[in-house]
Amino acid sequence: MCHNIIMRRKILLILPLLFVFSCDQILRTEPVESPDIPKEAYYHYILGYEAELSSKWEAALNHYSEVLKIDPSSPFIRTQISYVLLRTGKIADAVAMAEETVKANPDYVPALMLLGELYNSRKNTDKAIKIFEKVIKLDNTQAEAFLFLGVLYAAEKRYSDAKEILESFLKTDPGNAMGTYYLGLINMDLEDYDKAAEYFSKVTEMRPNFDAAYLNLGVISELKGDLKQAEKHYKKSMEINPHNKLAQERLTQIYLKDKTVDKAIEQLRNMSIQEPANLDIHRRLGFLYIESKQYDRAIEEFRIVLAAKPADMQIRYYLAVTLEELERYKEAAEELKKIIAVDPKNIGSFLHLGFIYSKEGRHADAIKMYEEILNFEKGKPEVYVYLGVSYMQLKDYKKAEGIFSEGLGLFPKDAELHFNMAVAHEKTGRFEDMVNYLRRAIEINPDHADALNYLGYSYADKGINLEEALSLIQKALKLKPENGYIIDSLGWVYFKMGQHEDALKALQKALSIVSNDPVIYEHIGDVYLSQAQEAEALKAWEKAVEFHEKEEGLKERVEGKIKSLKSKIQGK
């Protein structure tokens, strides 16, 4: 329910927009009545009227002024002049002339109508309402007065008055599409969606090409959660008016809501064809392409935005992140450096530069990035994590431990800092301390899959606490069911528990996910050896050696196993 209220507030901006009439909408191409012009002034009137039809406003004004000199009290000519003043942008003069005309001729309906519209265009709603109320009393056949009055009542939230005036009008003119449409809008604003839909449906019967009626039917369907029906209405609105931006936007939003990203992209692309210079559309397309992993297209859209707005650092940041995703590290780094040049304290850019340097094996450069952040921001625990991990990559475990210790001093309940401190202790052979830090990480975050796996694997590797190890790894696997390294841990604990068939099955599954991990190959070789499949064991171990650079110390260890097994085979 709350979601619908929020969405309604956004969508129903449609309603107040239709209640605002600008001066440009006060149009008139024919005289407001049959002119009663003195014979000697008729020549200037005809020339003025022809000039007005040709949009030669100054000429029209000159000729009408000549008529007024001959007949200075003519309300008709005064009203004509007011319209021309309006068209030349002299709104204040137009209002003044119309007010003078009405003052001298209080029951002259054409001048009253013009003055009411002028008051409305200047947002003088109270005066406009009084004018149109007077018009209706004087002449109840003035359809526009009823429509204006109903709309203005609604704009002032006088909904009962608005409904009453429009319903009374429709009794005399039941086929009036605009009156019916405005009643639909009013009921929509009152959240009587069924009644509103009834009115909008009538409008589509009266005027099948009324795109706004279909648009609002779509809004109502969307508010009711019927996205398929909303889609049909929005598409019909766009079929009638391909440039209906509100329909285009709502159609995009329901595709996003329905998680049909491809359709949302297609819709935005169509909008982009209509408005190629609309940067917001390119921006949104870029984000949707990222979501659908179409990174090359996302980059194209972001570059379009940046070509027009090179100072848009948010888009430059997303461009860098997308380039990083495609491992185009050099280009990504260039974009991040541009951001830092403008914003020297942009943490995100420094972090991503650090990531890029780490991925390129430039750990010393990554360290500089993280240390730069700590010069102006010490409130982010992840910075201490990344900095410490970079020192571990350089095998400076003492420095890494110092960084993690500093971070834990500031953030004693940060699970990632505890986890990485545990890794640092494992690297330096302090098993019990490692266990304590892992247990603390799990205590802080019981769903820390990496900590659960690390502890479970460490127990299995030592052949201790195997039941607990199995439980820890199984929980980690529930959290990350497709993680090949956790599946490897499961296979290893099965092996340590003597369940060799289950172990081999798990390890082979892990290998199907992570095909280049030397430890998984080593484990498979160990399982084959336990089953006396010596040839298979040798193949697995030799494969492990191919990828030995990924695991410190593995090459010597596995080559020792290969040498030992080959000696044993030869001895047979």
For region 461-483, which residues satisfy the criterion of being under 42 Å from the mean Cα position of the chain (by Cα), crowded, with 17+ Cβ neighbours inside 10 Å and of a type in the set (Gly, Ala, Ser)?
ALA476
Which of the residues spanning region 284-314 are under 20 Å from ILE254 (Cα atoms), surrounded by 19 or more Cβ atoms within 10 Å (Cβ to Cβ) and of a type outside the set (Gly, Ala, Ser)?
ARG284, LEU285, LEU288, TYR289, ILE290
Among GLY379, GLY388, GLY348, the single one that is under 22 Å from the mean Cα position of the chain (by Cα) and under 30 Å from GLY402 (Cα atoms) is GLY348
Among the listed residues GLY491, GLY498, identify the single one that is closer than 26 Å to LEU565 by Cα, small (Gly, Ala, Ser), more than 42 Å from the chain's Cα centre (by Cα) and surrounded by 16 or more Cβ atoms within 10 Å (Cβ to Cβ).
GLY491
Of the conditions (1) within 22 Å of GLU426 (Cβ to Cβ); (2) in the same structural domain as TRP541 (by TED's automatic domain parsing), ILE464 fails just one. Which one is it?
(2)
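Could you identify the single residue in SER471, SER515 that is touching a Gly at 6+ places or on another chain (Cβ under 8 Å) and among the hydroxyl-bearing types (Ser, Thr, Tyr)?
Values: SER515 fails: touching a Gly at 6+ places or on another chain (Cβ under 8 Å).
Every option except SER471 fails the conditions.
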Determine which single condition ALA277 fails, assuming it passes every other condition in (1) part of a loop (DSSP other than H, G, I, E, B); (2) at pLDDT 95 or above.
(2)
Out of curiosity, is GLU222 surrounded by fewer than 20 Cβ atoms within 10 Å (Cβ to Cβ), assigned to a helix (DSSP H, G or I) and not aliphatic (A, V, I, L, M)?
no
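This table checks each residue for (1) within 24 Å of VAL203 (Cα to Cα); (2) in contact (Cβ under 8 Å) with a residue 40 or more places away in the chain; (3) hydroxyl-bearing (Ser, Thr, Tyr); (4) touching a Pro at 6+ places or on another chain (Cβ under 6 Å).
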{"residue": "GLU117", "(1), (2), (3), (4)": "no, yes, no, no"}
{"residue": "LYS130", "(1), (2), (3), (4)": "no, no, no, no"}
{"residue": "ALA143", "(1), (2), (3), (4)": "yes, no, no, no"}
{"residue": "PHE146", "(1), (2), (3), (4)": "yes, no, no, no"}
{"residue": "ALA154", "(1), (2), (3), (4)": "yes, yes, no, no"}
{"residue": "ALA162", "(1), (2), (3), (4)": "yes, no, no, no"}
{"residue": "LEU170", "(1), (2), (3), (4)": "yes, no, no, no"}
Among the numbered criteria (1) within 17 Å of TYR119 (Cα to Cα); (2) within 48 Å of the chain's Cα centre (by Cα); (3) charged (D, E, K, R); (4) modelled with pLDDT of 85 or more, which one does ASP24 miss?
(4)
Kindly indicate whether any position in region 36-50 is closer than 26 Å to PRO106 by Cβ, of a type in the set (A, V, I, L, M) and not in a helix (DSSP H, G or I).
yes
Mind checking whether some residue in region 336-346 is within 30 Å of GLU249 (Cα to Cα), modelled with pLDDT of 95 or more and among the β-branched types (Val, Ile, Thr)?
no
Can you pull out the helices (runs of 4 or more DSSP H) entirely within region 93-187 that have at least 1 residues that are over 30 Å from VAL219 (Cα atoms)?
109-121, 125-138
Evaluation of GLY175 against (1) within 28 Å of THR252 (Cα to Cα); (2) of a type in the set (Gly, Ala, Ser); (3) at pLDDT below 95 (one fails), failing number:
(1)
Does region 475-494 include one or more residues that are assigned to a helix (DSSP H, G or I), among the aliphatic types (A, V, I, L, M) and over 23 Å from GLU426 (Cα atoms)?
yes
For LYS195, which of the numbered conditions (1) surrounded by fewer than 19 Cβ atoms within 10 Å (Cβ to Cβ); (2) at pLDDT below 95 fails to hold?
(2)
With respect to SER458, is the statement that it is among the hydroxyl-bearing types (Ser, Thr, Tyr), more than 35 Å from the chain's Cα centre (by Cα), outside the structural domain of ILE513 (by TED's automatic domain parsing) and over 30 Å from ILE340 (Cα atoms) true?
yes
So how many residues does region 424-444 have that are among the charged types (D, E, K, R) and touching a His at 6+ places or on another chain (Cβ under 6 Å)?
2
In region 508-560, residue modelled with the highest pLDDT [restricted to those that are closer than 24 Å to GLY429 by Cβ and part of a loop (DSSP other than H, G, I, E, B)]:
ASP517
How many residues are buried (at least 18 other Cβ atoms within 10 Å of the Cβ) and among the hydrophobic types (A, V, I, L, M, F, W, C) when one looks only at region 341-354?
3
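The values are calculated or read from the model by the stated rules, or taken from the named source; none is laboratory data. Small disclaimer: the values here were computed from a predicted structure and weren't measured. When we count neighbours, we look across all protein chains shown, and the Cβ atoms used for this are built from the backbone with ideal geometry, even at glycine.
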